[in-house]
Each structure stands twice: as C-alpha cells, then as structure tokens.
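Notes follow once the structure below has been shown.
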Amino acid sequence: MEIKLPPGRRVPTHDDMGRYALAQRWDAQHLATIRRLLDPQPGTRMLEVGSGRGHLTSKLDRLGVIATGVDANPAVADHALARDIRVMNVEHLEFADGEFDQVVSVHAIEHFPNLAAGFAEMARVLRPGGRMLLVYPWEPIRGLGAVPDAITIYRNPFRARQMHLHKPRPRLVRMLAEDVGLTHVHTEFKVFWPQFTTLLHKGGEQTRRATP
C-alpha cells in the first residue's frame with residue numbers, strides 16, 4: 001500500500017508503517033475464494049499485489065504455489081511471513097512480461113495512486129491465458145473502511161481518505177481491465193462483509209499445466 005499525502009502533512013515513519021503491517025489480520029475466506037475461482041495448482045506462478053507481510057502468500061506457498069508477494073509498504077519485508085515478500089510499487093513491477101500464471105490483489109486497488117498504471121503493470125506481468133482476481137471493498141463513503149488503519153498510522157481517523165484513494169466499482173474495474181487487454185469473466189458481491197470480487201482473463205494461449 002502506498003500513502004499519498006497532501007502538502008504539509010507528516011510522512012508516516014517506518015515504525016508507523018511497521019505497526020500498520022503488523023495490524024493486518026489473516027482472513028481465510030480470501031484463500032477459499034482464490035481456490036474456488038482460480039484453482040491454483042502446485043507449480044502455479046502467482047503474484048499477490050498488496051500482500052502486506054504475506055498472510056495469504058504464505059498459505060499459497062503451503063499449497064505448492066510459487067507465490068510472490070509485493071507491497072509498497074517499506075516495513076513489510078521486516079515482518080515477512082512468506083518465502084518471497086518484496087517491497088515494490090505496483091506502477092513499476094520489477095518482473096518480466098508474462099512472468100506469472102495468475103495475479104491476485106485483495107483489498108489493494110483502492111490504495112493505488114494511479115489505477116490505470118497499476119492495471120497496466122499487473123496485466124503486463126500476467127502471461128497470455130492467465131487470470132487475475134481482484135477483491136475490493138464496497139464503501140458508501142470513500143475511506144470508511146480505512147478508518148482503523150488511519151488511526152494506526154496517523155492516530156487520526158479523518159485521514160482515512162489518504163489511504164483509500166478510490167472507491168472502485170465493478171463497472172470501473174471492467175473498463176480499466178479492458179483498456180489493458182483483459183476480459184471480464186465474473187463479478188460477485190458479498191453482503192455480510194461488503195466487497196466485490198472480479199475475475200479477469202488475459203487472452204492468448206491456453207492456460208498451461210502447473211509443474212508437477
């Protein structure tokens with residue numbers, strides 16, 4: 001996650017960002033959603049964008065997935081839970097074109113400073129025939145879901161909009177995806193924890209079999 005600050009605002013310290021990384025909790029429903037919609041196999045190369053310290057990435061590792069997590073928070077590497085967690089900006093992913101079979105981003109796109117650039121980079125590193133899964137919040141007011149995190153980082157709930165920079169909806173996500181050559185496959189909505197899940201596909205060759 002990247003923090004965007006208006007002029008004159010205090011930049012969070014490394015310790016602030018460390019507290020934020022440690023405050024993130026594991027939610028098993030995200031792994032269940034990935035297994036249901038992506039069905040990753042041992043040897044599948046998966047990139048998690050906005051991984052935090054790697055709760056989900058580590059669970060994917062245990063399934064035999066070759067999982068890499070990236071996050072813009074400079075403190076995540078200090079507290080990493082997974083084998084391969086890297087500090088990296090989504091607008092400049094340091095990977096080759098088509099390096100990953102699947103890309104996952106859970107509650108991260110609302111943080112992207114530049115949505116179009118982030119989508120372009122995620123699509124670039126996804127191989128032809130690969131799939132991308134995005135989970136993002138439904139918020140009646142932008143930043144409402146980021147209030148606890150704003151308190152953790154800034155000790156000020158009124159700075160939540162500096163964390164949730166966008167209020168994405170499926171129509172916007174579909175438009176951004178189509179602009180970078182991705183096709184919409186499926187979107188669903190969870191009522192009890194209001195969030196959208198969107199599955200996208202990159203055209204090209206058939207999905208390769210994972211390495212045994």
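Pick from H107, H111: which is closer than 20 Å to M46 by Cα and touching a residue at least 40 places away in the same chain (Cβ under 8 Å)? Explain how you work it out, then say what you get.
Numbers: H111 fails: closer than 20 Å to M46 by Cα.
Exactly one of H107, H111 is closer than 20 Å to M46 by Cα and touching a residue at least 40 places away in the same chain (Cβ under 8 Å), namely H107.
Only one of D39, D101, D61, D97 is closer than 21 Å to Q195 by Cβ, acidic (D, E) and either part of a loop (DSSP other than H, G, I, E, B) or out of contact with any helix residue (DSSP H, G or I) (no Cβ under 7 Å at 6 or more places or on another chain) (or both); which? Give the derivation first.
Values: D101 fails: closer than 21 Å to Q195 by Cβ; D61 fails: closer than 21 Å to Q195 by Cβ; D97 fails: closer than 21 Å to Q195 by Cβ.
Sole residue among the options that is closer than 21 Å to Q195 by Cβ, acidic (D, E) and either part of a loop (DSSP other than H, G, I, E, B) or out of contact with any helix residue (DSSP H, G or I) (no Cβ under 7 Å at 6 or more places or on another chain) (or both): D39.
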Notebook entry, point to check: If you scan the range 67-81, which residues turn out to be among the hydrophobic types (A, V, I, L, M, F, W, C) and in contact with a Leu (Cβ under 9 Å, 6 or more places away or on another chain)?
Noted result: A67, V70, A75
Checklist line | Condition check for V104: under 12 Å from the mean Cα position of the chain (by Cα), of a type in the set (V, I, T) and at pLDDT 85 or above | finding: yes
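Looking only at strands (runs of 3 or more DSSP E) that fall completely inside the range 125-212, which ones have 2 or more residues that are out of contact with any Leu (no Cβ under 9 Å at 6 or more places or on another chain) and surrounded by 15 or more Cβ atoms within 10 Å (Cβ to Cβ)?
Values: elements: 126-137, 182-190, 195-202.
Per the criteria, 126-137.
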Next item on the list: Being surrounded by fewer than 14 Cβ atoms within 10 Å (Cβ to Cβ), on the phi < 0 side of the Ramachandran plot and modelled with pLDDT of 95 or more narrows it down to one of R10, R86, R35, so name that one.
Entry: R35
Notebook entry, point to check: Taking interchain pairs and intrachain pairs at least six residues apart, which have beta carbon atoms under 9 angstrom, with the first residue in the range 186-197 and closer than 17 Å to A108 by Cα and the second modelled with pLDDT of 95 or more and small (G, A, S)?
Noted result: none
Next item on the list: Go through the range 42-58 and count every residue that is in contact with a Lys or Arg (Cβ under 9 Å, 6 or more places away or on another chain) and outside any loop (DSSP other than H, G, I, E, B).
Entry: 4
Next item on the list: Go through R131, R127, R159 for me and flag whichever is more than 17 Å from the chain's Cα centre (by Cα), closer than 22 Å to S51 by Cβ and not acidic (D, E).
Entry: R127
Next item on the list: Tell me which residues, restricted to the range 38-48, are crowded, with 17+ Cβ neighbours inside 10 Å and under 20 Å from K190 (Cβ atoms).
Entry: L38, E48
Checklist line | Matching option when the condition is on the phi > 0 side of the Ramachandran plot and modelled with pLDDT under 95, among G18, G52, G43 | finding: G52
Notebook entry, point to check: Would the range 73-82 turn up any residue that is β-branched (V, I, T) and without any contact (Cβ under 8 Å) to a residue 60 or more places away in the chain?
Noted result: yes
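The values are calculated or read from the model by the stated rules, or taken from the named source; none is laboratory data. If you're wondering where the values come from, they're calculated on a predicted model, not measured in any experiment. Every residue, glycine as well, gets a Cβ built from its backbone with ideal geometry; the counts of neighbours run over all protein chains shown.
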